[in-house]
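Chemist: Handing you a structure now.
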Amino acid sequence: MEKKVVHTRVSDALYKKISSRAKARRVTISNLIRNLVEDSLELSGDVLDLVDLKLKSNLKKSDAILGYQTISLAKNIVCDLCGKQIKKGTAANLGFLEDTSRKLVVCDECRKENE
Ligand SMILES: [Zn+2]
């Protein structure tokens, strides 16, 4: 596979930061940057997926969610659909989605609404 080369200008301070991080991880500077870029693109991809999902879920929530599994929460968490806080130790619903391995945490009210 043909590889492309990306040139970019950075400040002295940023270069020093990158260089010391690369040394600490014992990778080359270009390796470090490649990993960082890959990570950050993946991350924003996930975030975009989620936004997309939320839009979709507002349009047809029930279509996006394949099914639920009831879980007992190990920490306080916010319902992914309505934003309501669900307390640690109480039950919440793990929503399995059709087109991604990502799961939504859904409160009982939202689950009822979607069923
Ligand atoms: Zn909710």
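Chemist: May I ask which of Lys87/Lys112; Lys88/Lys112; Lys23/Lys103; Lys17/Lys75 have a Cα-Cα span longer than 26 Å here? Write out the running numbers ahead of the final one.
Modeler: Values: Lys87/Lys112 18 Å; Lys88/Lys112 20 Å; Lys23/Lys103 37 Å; Lys17/Lys75 35 Å.
Flagged as over cut-off: Lys23/Lys103; Lys17/Lys75.
Chemist: Here's something else I'd like to know. When the Karplus curve 6.51 cos²θ - 1.76 cosθ + 1.60 is applied with θ = phi - 60°, which whole-Hz ³J(HN,Hα) does each residue of the stretch 94-105 get, with x for Gly and Pro?
Modeler: Taking θ as phi minus 60°, the curve returns 8, x, 8, 9, 5, 10, 8, 7, 5, 10, 9, 9 Hz for the stretch 94-105.
Any read-out appearing in this document is the output of simple, stated calculations on the displayed coordinates, not a laboratory observation. On a predicted model such as this, the values are computed, not experimentally measured, just so you know.
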